[in-house]
Amino acid sequence: MGTMELEHQTMETFLRWAADIGISDSIDSSRFRDSCLGHSLSVADFPLAGGRGLGAARELKKGELVLKVPRNALMTTESMVAKDQKLNDAVHLHGSLSSTQILSVCLLYEMSKGKKSFWYPYLVHLPRDYDLLATFGELEKQALQVEDAVWITEKATAKCQSEWKEAVTLMKELYLKPKFQSFQAWLWASATISSRTLHIPWDSAGCLCPVGDLFNYDAPGDDSNNSEGPESAVQTSSPQPISTTNECRNNEEAGLVVETQSERLTDGGFEEDANAYCLYARRNYQLGEQVLLCYGTYTNLELLEHYGFMLEENSNDRVFIPLETSLYSLASSWPKDSLYIHQDGKPSFALVSTLRLWLIPQSQRDKSVMRLVYAGSQISAKNEILVMKWMSEICGSVLRDLPTSVSEDTLLLHNIDKLQDPELPLEEKEKEAFGSEMRAFLDVNRLWDVIGFSGKDVEFSRRTNRMMIKWRLSVQWRLSYKRTLADCISYCNEKMNNLLSTQR
Ligand SMILES: C[S@@+](CC[C@H](N)C(=O)[O-])C[C@H]1O[C@@H](n2cnc3c(N)ncnc32)[C@H](O)[C@@H]1O
């Protein structure tokens, strides 16, 4: 049997198992069903928006219940230890580990049981690989270029490493096979938890929610006035039967869940009365459209860190630029994280306000000036011109200090796409023009001999494919960062020119 058929068949088994334990996409779950889906939702592939996901099986109205997952189906530390005395005893001896560490150990322990695990039909459908920042190697990390982003990546890996070390004793006590005790396995478990858990009130680590974790992400706020129509479809494509082709695997491989997500999760939650996790449609959906869940408000870097993907258009994205210390100290009314540039290039309200104040001589910072600043108004045309000029210059200098330009990154992305697509042979000319980064990637993966021959079946190793996906994400992220800075420069220059012309 091919992998696609196998995947299809095990998916059916999984959905039948889910129905048996009471998971349902219909209010009437009592009638006999051989799948937990089909009434409101169905599993489908959405190549442009998250890969495997859930599509509307009929027209759905905003606020409708679309999925109910009873408490006993949820995978939590509590439910896992309740089924296993040995696990229960061992876990209780390790109270100093965090609830997320405990959940990771329980997940690995459950995985090690194989078919004997109660959740086996669910576990076989978890992604094998993830693209969260913590899993980035040196090349992918350096490809982010921006210092802050590199630092966050290092921090994420280091955190994972130290949490793993702390948990090793418990894993040893459980006699986990070496494979499940390894750092690789730990990375997998933490990425699973980070990108797939939902909030529950009784455990801050959250729960793994079979079927409920198949919803892909939609940024909050993007659904306010677009309850219908194709623009609202957030790049949905018509559903296709799920398969395990490479691109589908790749798409489903990122992610992580943070504890705060749940507070903002408006489209579902655990309900005591129903003793189940209940998920609702956050807007109207047409038949076949992908039904999305809002995990929270994330910048693209945060999405990469916790979920392993980013959104080309993300109204919550924020670009931070290095600012002088004297500016930060002046900005006591505005927290540091409020001084940023929106993805479309507009500097944040707090950033503009702070700069207005910072660029006015101290002797002139009287009450009337302060009133204007706090009201968010321009102090004077002269000051406003200085603000715009300063912003434009700093963005320019950040851009100049980065190793590659917007156009170089655009070309690199294009070349990575060509490399990933065996249908698109690379011309000799293009190979000769490869930049140093592409060359380094090809060197590390020993690919010079295999690329670019049309007709030749190029099969990259799994390791190469994994690295390429993460590397592409890094390039995509830094390109978006640079575009925002470039847009900020245009925005500021235009403002400045308008001000100059009215002054004349
Ligand atoms: C809770 S799972 C959703 C189901 C997942 N696609 C699967 O096949 O198991 C979260 C993961 O799905 C992917 N994902 C969700 N929304 C996405 C989106 N809008 N764009 C790209 N990937 C997305 C990311 O890999 C994320 O970590």
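The values are calculated or read from the model by the stated rules, or taken from the named source; none is laboratory data. In this text, all values refer to a predicted model and were calculated from it rather than measured experimentally. Note that each Cβ is placed from the backbone with ideal geometry, even for glycine, and that neighbours are counted across all protein chains shown.
Do the conditions hold for Glu437, that is, is it under 24 Å from Thr354 (Cα atoms) and modelled with pLDDT of 90 or more? Judged against the criteria, Glu437 is not a match. The set of residues from the range 171-192 being buried (at least 22 other Cβ atoms within 10 Å of the Cβ) and in contact with a helix residue (DSSP H, G or I) (Cβ under 8 Å, 6 or more places away or on another chain) comprises Met171, Trp186, Ala189, Ser190, Ala191, Thr192.
Against the conditions (1) more than 31 Å from the chain's Cα centre (by Cα); (2) of a type in the set (Lys, Arg); (3) at pLDDT below 95, where does Arg462 fall short? Just the number, please. Going through (1) more than 31 Å from the chain's Cα centre (by Cα); (2) of a type in the set (Lys, Arg); (3) at pLDDT below 95 one by one, Arg462 breaks only (1).
Entry remark, the range 1-33: residues being over 21 Å from Leu279 (Cα atoms) and at pLDDT below 85 number 10 in total. Do we find a residue being surrounded by fewer than 14 Cβ atoms within 10 Å (Cβ to Cβ) and not assigned by TED's automatic domain parsing to the domain that holds Ala143 anywhere in the range 464-486? Taking every residue of the range 464-486 in turn, none turns out to be surrounded by fewer than 14 Cβ atoms within 10 Å (Cβ to Cβ) and not assigned by TED's automatic domain parsing to the domain that holds Ala143. Within the range 216-223, can one find any residue that is modelled with pLDDT of 95 or more and not in a helix (DSSP H, G or I)? So far as the range 216-223 goes, yes, one or more of its residues are modelled with pLDDT of 95 or more and not in a helix (DSSP H, G or I). Within the range 151-169, residues that are among the hydrophobic types (A, V, I, L, M, F, W, C) reach partners that are exposed (fewer than 14 other Cβ atoms within 10 Å of the Cβ) and at pLDDT 95 or above with beta carbons closer than 7 Å, at six or more positions or on different chains, in the pairs Trp164/Phe183. Within the range 404-442, the set of residues being among the acidic types (Asp, Glu) and surrounded by fewer than 17 Cβ atoms within 10 Å (Cβ to Cβ) comprises Glu408, Asp417, Asp421, Glu423, Glu427, Glu428, Glu430, Glu432.
Enumerate the helices (runs of 4 or more DSSP H) found wholly within the range 271-382, keeping only those where 2 or more residues are within 16 Å of the ligand (Cβ to nearest atom) and more than 30 Å from Phe46 (Cβ to Cβ). I'd like the intermediate steps shown before the answer.
On the way: elements: 300-307, 325-330, 349-358, 367-375.
Because the criterion is at least 2 residues that are within 16 Å of the ligand (Cβ to nearest atom) and more than 30 Å from Phe46 (Cβ to Cβ), no helices (runs of 4 or more DSSP H) in the range 271-382 meet it.
Surrounded by 20 or more Cβ atoms within 10 Å (Cβ to Cβ) and within 22 Å of Pro210 (Cβ to Cβ): is that true of Asp45 in this structure? It would help to see each step written out before you state the result.
Values: surrounded by 20 or more Cβ atoms within 10 Å (Cβ to Cβ): yes; within 22 Å of Pro210 (Cβ to Cβ): yes.
For Asp45, the condition - surrounded by 20 or more Cβ atoms within 10 Å (Cβ to Cβ) and within 22 Å of Pro210 (Cβ to Cβ) - is met.
Output the residues belonging to the range 113-139 that are within 16 Å of the ligand (Cβ to nearest atom) and either more than 30 Å from Ile23 (Cα to Cα) or of a type in the set (A, V, I, L, M) (or both).
At the first step, the residues of the range 113-139 found to be within 16 Å of the ligand (Cβ to nearest atom) are 119, 121-136.
Of everything in the range 113-139, those that are within 16 Å of the ligand (Cβ to nearest atom) and either more than 30 Å from Ile23 (Cα to Cα) or of a type in the set (A, V, I, L, M) (or both) turn out to be Leu123, Val124, Leu126, Leu132, Leu133, Ala134, Thr135, Phe136.
Let's see how each residue does on (1) over 18 Å from Gln145 (Cβ atoms); (2) in contact with a Cys (Cβ under 8 Å, 6 or more places away or on another chain); (3) not assigned by TED's automatic domain parsing to the domain that holds Leu479:
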residue	(1), (2), (3)
Thr299	no, no, yes
Glu324	yes, no, no
Leu327	yes, no, no
Ile341	no, yes, no
Leu372	yes, no, no
Glu384	yes, no, no
Leu412	no, no, no
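Report, by residue number, each residue of the range 357-379 that is farther than 21 Å from Met391 by Cα and basic (Lys, Arg). Residues satisfying the conditions are Lys367, Arg371.
Suppose we keep only residues that are among the basic types (Lys, Arg) and touching a strand residue (DSSP E or B) at 6+ places or on another chain (Cβ under 8 Å) within the range 11-66. Which one would you say is nearest to the ligand (Cβ to nearest atom)? Filtering the range 11-66 for residues that are among the basic types (Lys, Arg) and touching a strand residue (DSSP E or B) at 6+ places or on another chain (Cβ under 8 Å), the one nearest to the ligand (Cβ to nearest atom) comes out as Arg52. In the range 294-345, the qualifying residues are those that are of a type in the set (Gly, Ala, Ser) and in contact with a helix residue (DSSP H, G or I) (Cβ under 8 Å, 6 or more places away or on another chain), and the one that is farthest from Arg400 (Cα to Cα) is Gly296.
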